[in-house]
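**Student:** Structure in structure tokens, see below.
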Amino acid sequence: MEKGFASLEKKDYPTAVIHLRKAVQEDPTLYEARLALGRILLDTGFAPAAEREIMEAKAHGAPRPKWLPLFAEANLLQKRPEMVVKVLREESGGEPQYASDVAIYLGQALLQQRDPAAARAEFERALGLVPDNLKALLGLAAVELGAGNPDGALRYVLRVLAIDEANFDAWLLKGNADNTRKAYAEALAAFEKAQSLRPDNPLPIFGRASTLIATERLDEAQKILEKQMTRSGEVSVGVYQLATIEWRREHLDKAKELLERALRLDPDSELSHLLLGTLLVRKENPQAAITHLKKYLDKNPDAAAPRKILASAYFQVGAMDEAAALLEDSVKRGEKDPQVLAMLGTVYLRQKNIDRGIELLERAVDQDPANQAAQGELASALIASGRGGDAVERLESIVSFGEESVDIDLLRILALMKTRDYDNALSRAVEFREKSPNQALGWVMEGVVLVAMDRHDEARTRFANALREDPAFHTAELNLASLDMLEGAMDSAKTRYENITRQDPKNLAAFLGLARIAKEKGEKPLMAVYLQKARAADPKAVAPRVALIDYLLEIGENLEAVVVARELVEQHPESLDSAQTLGLTLMKSGDLEAATGVFRRMTELAPEAPEAYGLLAEAEYAGKRFATARAALDKALELNPNSWTVLAVKGNIAGQTGRLEEALGIGRQLQSMEPGRPEGYILEADSLRELGRLEEAVDRLQSGMAKAPNAEGAAKLHTVLRLLGKKKEALQTLTDWIEGEPDDVTARQLLTSAYLEDHRYAEALPHLMKLDELIPDDLTVINNLAWLYTYLGDSRALTYGAKAYEINPGNPEVLDTYGWAMIQLGKSAEGLDLLREAATDAPNRLEIRYHFAVGLYKNGLYSEAKQELEKILRIGKEFASHSSAVALVEDLSRRGF
């Protein structure tokens with residue numbers, strides 16, 4: 001056995017295997033030898049044989065920390081992550097190194113199960129146990145690479161190589177990352193280095209082949225693959241790569257034969273299913289293609305290009321519902337692909353859903369006007385390497401719906417309308433009608449162009465012609481109703497919409513039109529009725545639910561709004577728009593935790609959508625989770641550096657977490673981006689204030705108020721001026737603002753507080769009275785009025801005190817104010833009961849306890865009053881009436897109490 005270990009140390013694997021095999025034959029209980037054999041077999045790519053040796057070692061007494069990591073590695077190589085998760089989830093405790101290794105293998109298994117967030121958490125846990133654990137760093141590199149971030153992956157890889165320059169896995173990962181970022185020379189060098197470290201491991205060979213294929217060095221790739229498989233036998237990944245070579249050479253029959261062979265070797269090879277499905281679409285065998293493409297998408301539901309290819313296959317066999325479902329899924333995921341919109345629009349036109357078809361085609365032209373004459377092309381995946389995450393590298397081969405698949409005339413008409421070339425658009429529309437078998441659609445298209453030209457009477461004629469051609473063509477009637485609304489003829493529009501709903505009780509557009517009319521007329525309950533009917537007409541439609549949610553939030557039915565939003569997500573579980581609606585609804589209803597969860601799910605659905613990270617950041621920020629909010633903001637800004645909204649949130653977080661210089665810079669950046677918005681000035685001023693630069697803060701706020709007058713700026717300017725001791729200017733700032741905005745509650749409250757603080761009670765009173773009008777039944781306002789009238793000796797203090805007591809009878813502040821008013825205005829007995837309750841409920845509020853002592857005094861309970869006052873004074877803290885309390889004690893003492 002010692003000779004075996006010595007050979008293993010020298011990386012002389014064949015000799016090591018001979019000695020170790022001989023050792024276990026002589027003594028089968030030598031578990032160390034079996035574990036060493038398992039390690040060699042793992043390093044040379046023979047995982048099943050390695051697992052057998054590891055299980056033998058376990059059976060002969062190998063300690064769990066020695067065999068379990070190797071068992072996990074063997075199962076991972078055999079793509080059995082569920083076994084690893086099952087075993088390692090139960091593992092706990094142990095030395096830090098062992099616990100760290102367990103977390104790493106669990107993370108690798110979770111990666112195989114396509115749960116990168118959970119995998120990242122395990123790798124980070126491993127690093128927390130053993131800082132600079134190389135396998136944990138490589139795990140995080142794999143997470144970054146899987147997320148399409150090769151630069152992030154390389155950062156971790158280079159950290160590993162700085163510690164261990166001969167790390168095989170690091171060089172292999174480096175090659176894959178370099179391939180992803182198209183640094184092919186560096187990728188080849190990395191794979192060659194990995195191969196030099198483990199000449200018997202086939203993975204560097206397959207890595208090199210993927211690079212050679214991507215750089216069109218097909219003969220070289222074929223040569224090294226054939227040599228490897230002559231040496232080690234056929235494996236699925238090698239045969240698949242040979243198939244990609246034949247695919248690129250346009251030898252489709254040969255590629256098909258190789259892919260079928262690869263699938264016999266590994267029936268679950270996802271990339272083989274993808275390429276074979278794509279090839280079969282090319283060879284006009286869409287029915288067979290569907291089977292293979294579905295198998296790929298079942299495991300990779302987020303893959304955009306394969307989804308389009310499968311949609312084209314469904315289209316070719318006439319399965320329009322299936323094609324529409326796939327393409328709608330792409331749209332809801334936020335994929336910015338005008339070709340998907342054009343394809344989906346074409347599908348809807350084939351299904352006679354004209355409105356939806358035209359809408360989507362219009363969006364396609366709007367997003368890519370230069371490609372308006374595209375002939376229904378779909379792009380299939382060019383498979384450039386043998387790695388799952390990077391298999392679909394770019395779109396190369398055209399897979400067409402067929403010559404008549406996209407209504408190019410419609411695209412051209414819409415494109416001309418977008419550029420306001422209405423005359424040519426109208427000419428095209430006339431040509432379209434004259435040659436189209438669908439005359440009704442032709443008349444409608446002419447009418448649509450004429451509406452855009454403000455030629456409403458002529459448009460009405462065209463829509464009427466469409467109805468003569470096809471009385472059931474509701475698109476024409478809907479356009480006439482839209483014209484009526486445009487011209488203010490609401491009753492006529494309502495009649496048209498009602499006619500449509502009688503003929504077609506499930507016409508979503510008509511019910512939405514009726515809801516809009518009800519809203520315009522201020523008939524909100526009726527609007528809700530129509531929205532509910534629209535919701536019932538098409539249970540999967542988004543628009544009626546969104547409008548209904550807005551209405552429910554407006555009337556304060558937050559819980560019901562959340563229910564409707566959740567229904568929307570249940571109907572469209574992969575839709576970003578639906579998720580956003582639910583998240584915003586939850587935020588408006590105050591459930592920040594749930595909103596955060598929804599927005600985090602959005603980032604998983606669309607990792608390249610900056611809006612998702614921005615929404616997540618806003619929710620995290622609202623929940624005061626600033627660190628996670630910053631991380632989301634950084635990602636959003638990485639995707640869209642010019643997002644004013646995201647930058648503003650980042651600035652606010654910087655300010656609240658003490659990064660004042662950063663906040664200062666962001667405030668100035670916001671001003672330069674949007675000089676007419678106040679937020680940038682306010683952020684800069686807040687930062688200057690925290691830095692103690694008050695005069696500069698005043699200057700920035702005044703500048704902001706000059707360019708963008710706003711309530712928050714006025715309030716903050718008032719506050720900073722008071723800090724500078726400029727009370728007169730501070731009060732004038734709020735007074736000037738309120739003159740222009742007399743109903744601004746916040747500004748008036750601030751002004752009132754300033755007057756009260758400065759003991760200018762007579763000037764505070766009219767503002768308190770105005771606040772009582774603006775926000776009736778506001779406890780603070782009513783209680784302040786009771787206090788102020790008490791101070792002034794006005795009996796109205798009792799009226800307002802009673803009102804505050806009615807609103808909140810258990811509030812110590814209210815009890816104190818009302819009780820004190822009674823004491824001061826001759827109702828000592830009733831007042832004492834209230835003050836006793838207040839003092840009991842708030843024993844640390846010394847002013848309240850002083851009022852209670854005075855109440856005792858007013859009711860002739862002098863000894864008790866003196867005892868209470870002495871207790872208060874022994875506490876040794878100052879309070880507003882401290883000197884009065886001392887004087888009253890002295891008076892009672894002189895009188896012998």
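Derivation of every value follows stated rules applied to the coordinates shown; laboratory data play no part. All values derive from a computational prediction rather than experimental measurement. Positions of Cβ are backbone-derived with ideal geometry, glycine not excepted, and every protein chain shown enters the neighbour counts.
**Student:** Order of Ile500, Ile666, Ile875 from fewest to most other C-beta atoms within 10 Å?
**Tutor:** Ile875, Ile500, Ile666
**Student:** Only counting other Cβ atoms within 10 Å, I'd like Trp67, Trp247 sorted with the fewest neighbours first.
**Tutor:** Numbers: Trp67 23, Trp247 26.
Fewest-to-most Cβ neighbours within 10 Å comes out as Trp67, Trp247.
**Student:** Given the Cα-Cα distance of Met490 and Asp200 and 0.36 nm per residue of separation, how much length would full extension add, in nm?
**Tutor:** Once the chain is fully extended between Met490 and Asp200, it gains 96.4 nm.
**Student:** Nearest 0.05, what FRET efficiency do Ile875 and Arg159 give at R0 = 45 Å with Cβ-Cβ as r? Don't skip to the answer; put the middle values down first.
**Tutor:** Working: r = 59 Å, r/R0 = 1.30.
Result of the calculation: an efficiency of 0.15.
**Student:** First select every other residue whose beta carbon is under 15 angstrom from the beta carbon of Ala136; then total the charges, Lys and Arg +1, Asp and Glu -1.
**Tutor:** Around Ala136, the surrounding residues sum to -3.
**Student:** Tell me the label only: which of [x] 2, 10, 16, 18, 16, 12, 10, 7, 4, 2, 1, 1, 0, 0; [y] 2, 10, 19, 24, 21, 12, 7, 3, 1, 0, 0, 0; [z] 2, 8, 13, 16, 16, 14, 12, 9, 6, 3, 1, 0 is P(r) over Cα pairs in 10 Å bins from 0, in percent as calculated from this structure?
**Tutor:** [z]
**Student:** Determine, for Ser272, Ser884, the number of other Cβ atoms within 10 Å of each Cβ, and report the residues in order from fewest to most.
**Tutor:** On the way: Ser272 29, Ser884 13.
If I rank by nearby Cβ atoms, fewest first, I get Ser884, Ser272.
**Student:** Sticking with this structure for a sec: Expressed in nm to one decimal, what extension gain is obtained for the pair Gln532 and Gln503 from 0.36 nm per residue of sequence separation less their Cα-Cα distance?
**Tutor:** Working it through step by step, the gained length comes to 8.6 nm.
**Student:** By its C-alpha gyration tensor, with a ≥ b ≥ c as the square roots of the eigenvalues, how is region 251-327 shaped: rounded for a/c under 1.5, else prolate for a/b larger than b/c, else oblate?
**Tutor:** oblate
**Student:** Run the simple label-point estimate for Glu593 and Asp777 please: 7 Å along Cα→C-beta, distance reported in nm.
**Tutor:** Rounded to a tenth, the inter-label distance reads 3.0 nm.
**Student:** Using a Cα distance threshold of under 28 Å, what count of lysine pairs results for region 777-897 when pairs must be 8 or more residues apart or interchain?
**Tutor:** Eligible lysine pairs with Cα atoms under 28 Å apart amount to 9.
**Student:** Can I ask one more? Add +1 for every Lys or Arg and -1 for every Asp or Glu among the other residues with Cβ under 11 Å from the Cβ of Ala170, and state the total.
**Tutor:** Net local charge, Ala170 excluded: +1.
**Student:** Same structure, new question: Given Cα pairs under 8 Å that are at least 6 residues apart, what percent is the relative contact order of region 777-897?
**Tutor:** Normalised by residue count, the contact order of region 777-897 is 16 percent.
**Student:** Residues in region 219-255, backbone N under 13 Å from the label point at Ala189 (7 Å along the Cα-to-beta-carbon vector): list them, ranges by number please.
**Tutor:** Counting backbone N atoms under 13 Å from the label point, the list is empty.
**Student:** Something else: Leaving out same-chain residues fewer than 8 places away, which lysines sit with a Cα under 29 Å from that of Lys521?
**Tutor:** Straight-line reach from Lys521, under 29 Å: Lys494, Lys506, Lys533, Lys540, Lys588.
**Student:** Among Val85, Ala714, Leu553, whose Cα lies farthest out toward the positive end of the dipole of the chain, if unit charges sit on the beta carbon of Lys, Arg (+1) and Asp, Glu (-1)?
**Tutor:** Val85
**Student:** Follow-up. Which aspartates and glutamates have a Cα lying under 15 Å from the Cα of Lys193, excluding residues fewer than 8 positions away in the same chain?
**Tutor:** Asp164, Glu165, Asp169, Asp178
**Student:** Also, I was wondering about something else. Could you give the dipole magnitude of region 457-579 about its Cα centre, charging the beta-carbon of Lys and Arg +1 and that of Asp and Glu -1, in debye to the nearest 20?
**Tutor:** On the way: 16 positive and 21 negative charges, 47 e Å.
The dipole of region 457-579 has a size of about 220 debye.
**Student:** Right, something else. Please enumerate, by chain and number, the lysines with C-alpha under 24 Å from the C-alpha of Lys726, excluding those fewer than 8 residues away in the same chain.
**Tutor:** Within the straight-line limit of under 24 Å, Lys726 reaches these lysines: Lys707, Lys716.
**Student:** Sticking with this one: Where does the chain land at 222 nm, in deg cm²/dmol rounded to the nearest 500, when only DSSP H runs of n ≥ 4 count, each adding -39500 (n - 2.57), divided by all residues? List each step's numbers first, then the result.
**Tutor:** Numbers: 51 runs with 674 residues, N = 897.
Estimated from H runs of four or more residues: -24000 deg cm²/dmol.
**Student:** Could you tell me the calculated FRET efficiency between Ala325 and Leu265, based on Cβ-Cβ distance and R0 = 41 angstrom, to the nearest 0.05?
**Tutor:** FRET efficiency, Ala325 to Leu265: 0.80.
**Student:** Given labels modelled 7 Å from the Cα in the Cβ direction, how far is it in nm from Lys79 to Ser672?
**Tutor:** Between Lys79 and Ser672, the label points sit 5.2 nm apart.
**Student:** Among His572, Gly590, Ala609, which residue has its Cα furthest toward the positive end of the charge dipole of region 571-621, with +1 on Lys/Arg Cβ and -1 on Asp/Glu Cβ?
**Tutor:** The one lying farthest along the dipole's positive direction is Gly590.
**Student:** Would you mind checking the pairs Lys283/Lys332; Lys256/Lys295; Lys308/Lys332; Lys227/Lys254; Lys254/Lys299 and listing those with alpha carbons more than 22 angstrom apart?
**Tutor:** Lys283/Lys332; Lys254/Lys299
**Student:** Another question about this same structure. Hey, got the dipole for region 777-897? About the Cα centre, +1 on K and R Cβ, -1 on D and E Cβ, debye to the nearest 20?
**Tutor:** 440 debye
**Student:** So, one more: With r as the distance between the Cβ atoms of Lys294 and Lys435 and R0 = 41 Å, compute the FRET efficiency 1/(1 + (r/R0)^6) and round to 0.05.
**Tutor:** Efficiency computed from Cβ-Cβ geometry: 0.60.
**Student:** Any idea what the dipole of the chain comes to, in debye rounded to 20, about its Cα centre with Lys/Arg Cβ at +1 and Asp/Glu Cβ at -1?
**Tutor:** Computed charge dipole of the chain: roughly 1460 debye.
**Student:** In the neighborhood of Ala714, defined by Cβ-to-Cβ distances under 9 Å, what is the net charge if each Lys or Arg adds +1 and each Asp or Glu adds -1?
**Tutor:** Values: positive: Lys716; negative: Glu712, Asp736, Glu741, Asp744.
Residues close to Ala714 contribute a combined charge of -3.
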